Structure formats: structure tokens, C-alpha cells
Amino acid sequence: MPWEHTRAMDEKIKFISSVKSGIYSFAEVCRQFGISRKSGYQLMRRYDSEGEKALVARSRAPHTHPHALDERLGEALLDVKRRFPKFGPRKVRDWVALAGWRELPATSTIGELFKRHGLVHPRKRRRRTAGQVSALSGTTQPNELWCVDFKGQFRLGNARYCYPLTLTDHASRYLLLCRGLHRPSERAVWPYFEWAFREYGLPLAMRSDNGPPFASLALGGLSRLSVWWLKLGITLQRIEPGHPEQNGRHERLHRTLKAHIEPARHLAAQQRDFDAFGAHYNEQRPHQALNGLPPARCYASSPRPYPGRLREPEYASGVQVRRVRSNGQIKWAGQKVFVSEVLHGESVGLTPVDNDRWQIQFCSLVLGVLNQRTGRIEVL
């Protein structure tokens, strides 16, 4: 390596003096000082044109920075970061791309920009677990599956509880509904589902947890709400107890909602905040899984309209039909069999399995197998 000695300037002076003396050939002088002839010629050219300035070590930094951030673009990136402190470099990059900026820098460059301006704060590392593939996933088109849940309740400024009911489209991540309620009851949520069905049409399936009002301890986990969904032709999907990751996209929405929303003084003010969040989330906020697009650009209403009136369940030919009485029972083979009070007034279908057993179903949902000898329904 050239000029390895600690006093490099002195060595360069000696080198130039030896070359100028003419006693030794240029190649011999280079060998004496342990440098290549290319480095020697370079030093001599610099010395001839610059004089003693050539002896000072030069910076290895590049003279030009072709990838340096444009000043206006840098300010635009910083402005978005200041407006949305929770946004990372990739989401900020997607945001300014939606605003019309082109030839954007890498996310690592944007991250360094934020660090230089003190906009990045260290955060606690979360322990990650191995990913699990849910058997419930796999939608690709809007309205194939909607996901519903309550985000954890919290107290408002007036000390009353708020229960945010959230409804999303699985494929597009579109937030269909974000409604604050004082109680998570069937009576409270029913009109908002009816509004969503009228506004967006019907999904093919609905995914929920196993708690009320979406499910119950009745046969088939049915609640009055899920009975209504089945009669509308909506398939029920329920995650396994204790496995919220099976509704992971919806849980991720809740994390974003929690980061953007603070408790308001009362429910009306809280709902205004929810509405503002919904508009921002659907129409402005870029989503990494949607190639940087907001959900509104990926969602379209369902072609299945909400019907004016509910039809009775239809069963295939050969299926025996019985109507559930007010006490939750049906009459079968001369005996009374308890099915579920939730199905009061509804018709169920029975299909033979063998001589003594009959499969019992409501709409598309198989409830179990009726054992004719015992008069009981066995859950599958």
C-alpha cells in the first residue's frame, strides 16, 4: 500500500527529490518507496500542476452525489413524517408517490433522512413467534369475506364505556364500518350491519370470534345475529378460541386504530374521530400489502344486493324439513327433540345418515347428527 509510513508528507518530498535528482530511474525510485509507478506518476503530475498542495492527503469522498435527495422532495418526505409520526419510511414513500412524486429514493435513504432530523425514536423490540398459516385465509376478491370484531373497550371522558365495532373487507382491507357503541349487544349492532349490507351489498362469508353477539353457546354456536346472516346466504367462519392471529388482518387494523385515536369527551365526539380515521384509512393511507395503494382503490361493492325480505331456507329434495317450536324443540318420529331456542320459528333440514341417525342442518350450516334412539343431537 502506498505511503505506509506515519510521516507521509516527508516521504512524498523525498520521493519527488529523488525523481528530480536524476540519479535513479523512475522505476527504481518507486521500488525504493514501495509504491506503484501509477501512483508515482500521479503524484508527479499533481506536484507539477499544484506544487506543495499536492503533498496534502486528499479526501476519498466523492465530488458529486448523484443520488442526493432533491431539497423539495426531502421537505415533502419530512412533512409527511411530521404529520404521521407512526409512518415508517416505506409508508411515507408510498404516500408521496400517491401525491405524484417520481424517482423516489430507497426506503433506507428516507430512513437516514428521518434519523438526521431526529424523527426516529428507538422502540422496544417485540419477540416474534413462528408464523402460522390459517386454514381460514385465501381470499383474493372484495366481498368474498368480511371480518368483524370489537376493538377493546375504553372509557370516554364522561366515564361511560365505548365499544368500537369494526367491519372490514378481507381482500382489500377496506374499513366498511367503525362505530362506537355503549354496549356490545345484538340489539345495538343489528342496525349497523343492516346499514352496511344496504350500503355495500352482501359478502359471501363473515369471519368472527366465538363471543356474543356474533356467536353463542347454542347448537352450532348460533346467535340470532348469525341466524340472520345464514338466511341472507352468508357463510359463517369462526376463528378458534384463543387464536386471534386467524383474524390477523383485522387485528392489525385495531393496532392502527389504537395508534390514531384518543378517548373523546362523549360518544358523539368519539364517533367524529372514528369517521375521520375511516376516511384517512380508506382513502389516503397507503397499504404495503396493496402495493402502496389505499384500500379505497382496491374495493368495489358487492354484486349481491341486500334483499327487501328474507326468504325461508331452501333444502334439497329428499331432505325432511321440521320447524323449530318456541321452546326450541322439533317433533321427530313421535318424540320431541331439543334443537335450540335461537332457531325458534325457523325450519331445519334432516338428511339420513343410516337407519338410526339423521344429519340436521340450518341453511348451509350442519348442526350435528340426530340419534333417533336417544333423541339427542350429537355435535360433530
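The values are calculated or read from the model by the stated rules, or taken from the named source; none is laboratory data. Keep in mind the model is a prediction, meaning the values are calculated, not measured. Cβ: placed from backbone, ideal geometry, glycine included. Neighbour counts: every protein chain shown.
Looking across region 216-248, the residues that are assigned to a loop (DSSP other than H, G, I, E, B), within 25 Å of the chain's Cα centre (by Cα) and surrounded by fewer than 20 Cβ atoms within 10 Å (Cβ to Cβ) come down to 240, 241, 242, 243. Within region 314-343, restricting attention to residues that are in contact (Cβ under 8 Å) with a residue 40 or more places away in the chain and assigned to a strand (DSSP E or B), the residue that is farthest from the chain's Cα centre (by Cα) is 335.
Screening residue 220 on (1) closer than 15 Å to residue 165 by Cβ; (2) out of contact with any helix residue (DSSP H, G or I) (no Cβ under 7 Å at 6 or more places or on another chain) shows it passes everything except condition (1). Cβ separations smaller than 7 Å between residues 6+ apart or across chains give no pair from region 108-135 residues that are farther than 25 Å from residue 94 by Cα to residues that are modelled with pLDDT under 65 and of a type in the set (Lys, Arg). When residues in region 196-215 are screened for being in contact with a helix residue (DSSP H, G or I) (Cβ under 7 Å, 6 or more places away or on another chain) and not in a loop (DSSP other than H, G, I, E, B), 2 of them pass.
When residue 262 is tested against (1) part of a loop (DSSP other than H, G, I, E, B); (2) under 15 Å from residue 163 (Cα atoms); (3) touching a residue at least 60 places away in the same chain (Cβ under 8 Å), only condition (3) is not met.
Please indicate, with yes or no, whether at least one residue in region 271-285 is part of a strand (DSSP E or B) and touching a helix residue (DSSP H, G or I) at 6+ places or on another chain (Cβ under 8 Å). No: region 271-285 contains no residue that is part of a strand (DSSP E or B) and touching a helix residue (DSSP H, G or I) at 6+ places or on another chain (Cβ under 8 Å).
Look through region 154-185, keep the residues that are surrounded by fewer than 15 Cβ atoms within 10 Å (Cβ to Cβ) and touching a residue at least 24 places away in the same chain (Cβ under 8 Å), and return whichever of them is nearest to residue 257 (Cα to Cα). Selected residue: 155. So is residue 292 outside the structural domain of residue 154 (by TED's automatic domain parsing) and touching a residue at least 24 places away in the same chain (Cβ under 8 Å) or not? Considered against the rule, which asks whether it is outside the structural domain of residue 154 (by TED's automatic domain parsing) and touching a residue at least 24 places away in the same chain (Cβ under 8 Å), residue 292 comes out as yes.
Being surrounded by 13 or more Cβ atoms within 10 Å (Cβ to Cβ) and assigned to a loop (DSSP other than H, G, I, E, B) is the requirement here; does residue 304 meet it? It is true that residue 304 is surrounded by 13 or more Cβ atoms within 10 Å (Cβ to Cβ) and assigned to a loop (DSSP other than H, G, I, E, B). For beta carbons closer than 6 Å, sequence separation of 6+ or different chains, a first residue in region 22-33 that is within 14 Å of residue 44 (Cβ to Cβ) and a second that is surrounded by 13 or more Cβ atoms within 10 Å (Cβ to Cβ) and among the aliphatic types (A, V, I, L, M), the qualifying pairs are 29/19.
Table: residues versus (1) modelled with pLDDT of 80 or more; (2) farther than 30 Å from residue 105 by Cα; (3) basic (Lys, Arg).
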residue: 12; (1), (2), (3): yes, yes, yes
residue: 18; (1), (2), (3): yes, yes, no
residue: 51; (1), (2), (3): no, yes, no
residue: 63; (1), (2), (3): no, no, no
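The condition of being modelled with pLDDT under 90 and of a type outside the set (S, T, N, Q) holds for only one of 260, 250, 344, that being 260.
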